[in-house]
Amino acid sequence: MDFDFTEDQGLLIQTLERWAADHMEIDANDRAATYLPGETLAAELAEQGYFDVSAELGLLGAVLLVDKVCRTPWAIEVAASALVAPMLNLRDLPRPLAMLSVNGRPVARFLSTQGAALVDAGDHVRLLRNNAGIQPLKNPYAYPFGLFDGDLLAASERLDDVPVAAYRRLRQLAVTAEAVSAVQAALDLTVEYVKTRVQFGRAIGSFQAVQHRLAECSVMAHSAQLLLYKAAVDNLGGTQMAAIVTHDAIKRVLYETNQFHGAIGLTLEYPLHLWTYRLRVLQFELASGMTGGEGVG
Amino acid sequence: MDFTWTDDQIAFRQRVRSFIDDRLPAEWEHLTEGLDVGSDYTVAFSRKFCPELARAGLLVPHWPSEYGGLNADAWHHWILNEEMIRAGEPRSYQYMSVNWAGPALMRYGTPAQKAAFLPRIAAGTLVFCQGFSEPNAGSDLASLRTSARQDGADWIVSGQKIWTSAASFADYCILLARTGGPGRKGLTMFLVPMETPGIEVRVIPSKMGARALHEVFLQDVRLSPATILGEVNDAWSVVSHILHYERIGIPRYIISLHALDRAVKLLKDDGAFGALVRAQEARARAMCEAARLACYKVVHARVKDAAPSAATNLARIALVMADRLVAEFLGDHIMDRLIGREDPVIAGAYRRTSATGIASGAAEIQLDLIARTHLQLPRAA
């Protein structure tokens, strides 16, 4: 039992936190954008080799990468490319990499003609790449979305070497990592906000009603993070539990962060909307991954 | 990061488990009225069991060898606690003696006090209770009113304690009394023999089990200066030290997971473990596992001698959240069996969930601490 990071992991965290700190600012002109395109930053990370982090630092390394990168307001596709694909020995896929299912709606985050998509086809996994049938989709949900119009099975190739169960677990871990990151980011933003927002002559963060609810949110965020790390270290064992607690954390954090921001959180001029919309998407993706009340015991 | 146990830890757990299995009677769950740590049977059993544990080196392995321990690390202590809790705590209320009184004596006791108490605690022959809470001083402990006034060299104590666990069979009480001005700085800690004249104890019937709660009335109780632990008016240092040492309390998730396992088996046997029930059970179980990890993180920090952090408060709240989900699950799906008194383990766990957010300090105090230390939110003006 050891909760310390290795030296290499610690170094990765440090470097990424510095990197993320340099990319937290949102230009005034971009404030009302429904999402901030992150492909330039993704290319920068890819060039520096970060998308191969799992080769040296394993699943936990990839989880840490996702966590730190997704704290920034930019919509950077990192979870599928750096966590899911390499662990399935899928190399050199076009970026960004989306994740689709033949049983769901044919829409996905990061689905674009330049990139590729892993497709859950029920009993096997397929790959859709650079497809002209993909159209960008406009919605407020804080990521670039694409819609595939056509016959998904016909347009994609079967990946014989990818076990569907392993793919699903990895996908669940990847989305959980993104969600744990977004939960923490929304919470951090809110904690800073309640320290400075003054009403009734005092910072609203000094009210116990506010403090307790945010404290409970941080317990959920902390719990989700611990289960996420354990699932990564234990080679996906317990991923379902991490997903469940993260899903609970999202719902609590979504409500509380919006409540404590009040009307400013409803605007598109203040960045909470990015986290709110992201969390709503991730909430749905995590719920979809919990196939009909699958148990954990 | 590593979430596996070492060979040594696995062997230690196995040793504790075998020791327990060899000694508990077959009808243990029923004899103890559903693993009630204060049941007549458990208390009587513990009087025999604790000395046996001590002889086997399994009562205080985490204590330093000079006081009868084996210098084992906090992991061994935690594993020991997990296994005892899993078995229904056959040590009964040894917790206060081993985890609280012992460490406090080691740090603050006089040589005479150490000699008088530590060998007996290490031998498993002493039971302590904790005289802290009062009718008007619960979460706001520092406002307590039980007074100790000097009379020659002696101290005369009068007042009332409440919610005291094990008071009706404890040998000693760790008593907090006011010897000075208001607030934290006027408090002194006494080690009081429960048979001292002037002490009366009343059991408060409760849903937590037998003898979990008591009132302790103190009327002109005469105590010698030798009963003072630490310095006069400086009890708060002792309290803070020990709370840091032992703040996450007991591994409650073990009890709750045990009950969930039983409940799932019963529901499966009945063909009543459908998708929605399974999903609800999974939420409760996942939160128990999160609480387990949060506790392990605190134990890890202790082993590494790390400075106190909010990790302890986060773990306490995770335990509370987990037990709330477990209670809701059992209430939704097992209530008929609870009414029918079918399974003592489930009944015992369900009973204990009522106290998770209350025992050893209301959860809201932990939330205050998380807000201030972890989130660094401002205090109210």
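The values are calculated or read from the model by the stated rules, or taken from the named source; none is laboratory data. Predicted, not measured: the structure shown is a model, and the values here were computed from it. Neighbour counts run over all protein chains shown; Cβ positions are idealised from the backbone, glycine included.
Check whether at least one residue in region B:307-320 is surrounded by fewer than 24 Cβ atoms within 10 Å (Cβ to Cβ), within 20 Å of B:Thr356 (Cα to Cα) and at the interface with chain A (Cβ under 7 Å from one of its Cβ atoms), and report yes or no. Looking for residues that are surrounded by fewer than 24 Cβ atoms within 10 Å (Cβ to Cβ), within 20 Å of B:Thr356 (Cα to Cα) and at the interface with chain A (Cβ under 7 Å from one of its Cβ atoms), one finds none in region B:307-320, hence no. Can you pull out the residues in region A:100-118 that are in contact (Cβ under 8 Å) with a residue 60 or more places away in the chain and crowded, with 24+ Cβ neighbours inside 10 Å? Matches in region A:100-118: A:Arg109 only. Looking only at region B:216-227, decide whether some residue is among the hydroxyl-bearing types (Ser, Thr, Tyr), under 30 Å from B:Ala170 (Cα atoms) and surrounded by fewer than 24 Cβ atoms within 10 Å (Cβ to Cβ). Yes, region B:216-227 contains a residue that is among the hydroxyl-bearing types (Ser, Thr, Tyr), under 30 Å from B:Ala170 (Cα atoms) and surrounded by fewer than 24 Cβ atoms within 10 Å (Cβ to Cβ). Beta carbons closer than 7 Å, at least 6 apart along the sequence or on distinct chains, pair a first residue in region B:237-263 that is within 21 Å of B:Ala87 (Cα to Cα) with a second that is modelled with pLDDT of 95 or more and of a type in the set (Gly, Ala, Ser) for B:Ile248/B:Ala315; B:Tyr253/B:Ala291; B:Tyr253/B:Ala322; B:Ser256/B:Ala322; B:Leu260/B:Ala284. Per this entry, A:Glu256 is not counted among residues that are among the acidic types (Asp, Glu) and either at pLDDT below 95 or part of a loop (DSSP other than H, G, I, E, B) (or both). Residues in region A:182-222 that are closer than 16 Å to A:Asn258 by Cβ and in contact with a strand residue (DSSP E or B) (Cβ under 6 Å, 6 or more places away or on another chain): none. Scanning region A:83-116 for residues that are closer than 19 Å to A:Gly289 by Cβ and part of a helix (DSSP H, G or I) turns up A:Leu83, A:Val84, A:Ala85, A:Met87. None of A:Asp27, A:Asp8, A:Asp22, A:Asp4 is of a type outside the set (Ser, Thr, Tyr), over 29 Å from B:Ala311 (Cα atoms) and surrounded by fewer than 17 Cβ atoms within 10 Å (Cβ to Cβ) except A:Asp27. Just one residue in the set A:Arg252, A:Arg278 is surrounded by fewer than 21 Cβ atoms within 10 Å (Cβ to Cβ) and either under 17 Å from A:Val183 (Cα atoms) or out of contact with any helix residue (DSSP H, G or I) (no Cβ under 9 Å at 6 or more places or on another chain) (or both); that residue is A:Arg252. Taking residues in region A:1-22 that are more than 11 Å from chain B (Cβ to nearest Cβ), and partners anywhere that are exposed (fewer than 13 other Cβ atoms within 10 Å of the Cβ), the pairs with Cβ atoms closer than 8 Å and at least 6 places apart or on different chains are A:Asp8/A:Glu56. Does at least one position in region A:220-229 carry a residue that is touching a residue at least 40 places away in the same chain (Cβ under 8 Å) and either more than 25 Å from B:Gly357 (Cα to Cα) or not in a helix (DSSP H, G or I) (or both)? Checking region A:220-229: at least one residue is touching a residue at least 40 places away in the same chain (Cβ under 8 Å) and either more than 25 Å from B:Gly357 (Cα to Cα) or not in a helix (DSSP H, G or I) (or both). Of the strands (runs of 3 or more DSSP E) lying entirely inside region B:101-196, those containing at least 1 residues that are of a type outside the set (Gly, Ala, Ser) and in contact with a helix residue (DSSP H, G or I) (Cβ under 8 Å, 6 or more places away or on another chain) are B:128-131, B:154-162, B:172-178, B:187-193.
Restricting A:Leu214, A:Leu227 to residues that are within 22 Å of B:Ala279 (Cβ to Cβ) and within 9 Å of chain B (Cβ to nearest Cβ) narrows the list to A:Leu227.
Given the options A:Val245, A:Val233, A:Val219, name the one that is farther than 18 Å from A:Asp188 by Cβ, crowded, with 24+ Cβ neighbours inside 10 Å and within 9 Å of chain B (Cβ to nearest Cβ). Show your work before the answer.
Working: A:Val233 fails: crowded, with 24+ Cβ neighbours inside 10 Å; A:Val219 fails: farther than 18 Å from A:Asp188 by Cβ.
Checking each option against the conditions leaves just A:Val245.
Would you mind stating whether B:Ala275 is facing chain A (nearest Cβ under 9 Å) and in contact with a Pro (Cβ under 9 Å, 6 or more places away or on another chain)? In short, no.
Which pairs turn up if I take residues in region B:14-27 that are closer than 19 Å to B:Pro344 by Cα and look for partners that are in a loop (DSSP other than H, G, I, E, B) with beta carbon separation below 6 Å, at least 6 apart in sequence or on another chain? Going by the 6 Å Cβ cut-off, the qualifying pairs are B:Ile20/B:Ala87. Listed by first and then second residue, the pairs with beta-carbon distance under 7 Å, at least 6 apart or on different chains, first residue in region B:123-143 and within 25 Å of B:Gln94 (Cβ to Cβ), second hydroxyl-bearing (Ser, Thr, Tyr) and assigned to a strand (DSSP E or B), are B:Leu126/B:Tyr172; B:Phe128/B:Tyr172.
Tell me yes or no: at least one residue of region B:21-28 is charged (D, E, K, R), loosely packed, with under 14 Cβ neighbours inside 10 Å and outside any helix (DSSP H, G or I). Yes; the residues of region B:21-28 include at least one that is charged (D, E, K, R), loosely packed, with under 14 Cβ neighbours inside 10 Å and outside any helix (DSSP H, G or I). Determine whether B:Gly69 is farther than 23 Å from B:Arg252 by Cα and either acidic (Asp, Glu) or touching a Pro at 6+ places or on another chain (Cβ under 9 Å) (or both). For B:Gly69, the condition - farther than 23 Å from B:Arg252 by Cα and either acidic (Asp, Glu) or touching a Pro at 6+ places or on another chain (Cβ under 9 Å) (or both) - is met. When region B:43-71 is filtered for residues that are part of a helix (DSSP H, G or I), without any contact (Cβ under 8 Å) to a residue 24 or more places away in the chain and polar (S, T, N, Q), only B:Ser65 remains. Within the span defined as region A:44-66, one or more residues are of a type in the set (S, T, N, Q), exposed (fewer than 15 other Cβ atoms within 10 Å of the Cβ) and under 29 Å from A:Thr113 (Cβ atoms). Note on region B:208-326: enclosed helices (runs of 4 or more DSSP H) holding 2 or more residues that are over 25 Å from A:Phe3 (Cα atoms) and in contact with a strand residue (DSSP E or B) (Cβ under 9 Å, 6 or more places away or on another chain) are B:235-246.
Please return the ranges of helices (runs of 4 or more DSSP H) entirely within region B:329-381 where 3 or more residues are away from chain A (no Cβ under 12 Å), hydrophobic (A, V, I, L, M, F, W, C) and more than 17 Å from B:Leu319 (Cβ to Cβ). Walk me through how you get there before you give the answer.
Working: elements: B:335-339, B:344-353, B:363-369.
Answer list for region B:329-381: B:335-339, B:344-353.
If you take the residues in region A:196-211 that are aliphatic (A, V, I, L, M) and at the interface with another protein chain (Cβ under 8 Å from one of its Cβ atoms), which one is farthest from B:Ala371 (Cα to Cα)?
A:Ala203
Being closer than 18 Å to B:Ala291 by Cα, in a helix (DSSP H, G or I) and either aliphatic (A, V, I, L, M) or in contact (Cβ under 8 Å) with a residue 40 or more places away in the chain (or both) is a property that A:Ala243 has.
Got a sec? Which of A:Ser81, A:Ser112, A:Ser54 is polar (S, T, N, Q) and in contact with a Leu (Cβ under 6 Å, 6 or more places away or on another chain)? Before you say what the answer is, go through the steps one by one.
Numbers: A:Ser112 fails: in contact with a Leu (Cβ under 6 Å, 6 or more places away or on another chain); A:Ser54 fails: in contact with a Leu (Cβ under 6 Å, 6 or more places away or on another chain).
Among A:Ser81, A:Ser112, A:Ser54, only A:Ser81 is polar (S, T, N, Q) and in contact with a Leu (Cβ under 6 Å, 6 or more places away or on another chain).
For beta carbons closer than 6 Å, sequence separation of 6+ or different chains, a first residue in region B:360-373 that is without any contact (Cβ under 8 Å) to a residue 60 or more places away in the chain and a second that is charged (D, E, K, R), the qualifying pairs are B:Gln366/B:Arg316.
Report yes if some residue within region A:57-73 is touching an Asp or Glu at 6+ places or on another chain (Cβ under 7 Å), aliphatic (A, V, I, L, M), at pLDDT 95 or above and within 17 Å of A:Ala232 (Cα to Cα); otherwise report no. Walk me through how you get there before you give the answer.
Keep residues of region A:57-73 that are touching an Asp or Glu at 6+ places or on another chain (Cβ under 7 Å), which gives A:57, A:66, A:68, A:70.
The next check asks that each one be aliphatic (A, V, I, L, M); those that pass are A:57, A:66.
Checking the rest, the ones that are also at pLDDT 95 or above come to A:57, A:66.
Retained after the next criterion (residues that are within 17 Å of A:Ala232 (Cα to Cα)): A:57, A:66.
Scanning region A:57-73 turns up at least one residue that is touching an Asp or Glu at 6+ places or on another chain (Cβ under 7 Å), aliphatic (A, V, I, L, M), at pLDDT 95 or above and within 17 Å of A:Ala232 (Cα to Cα).
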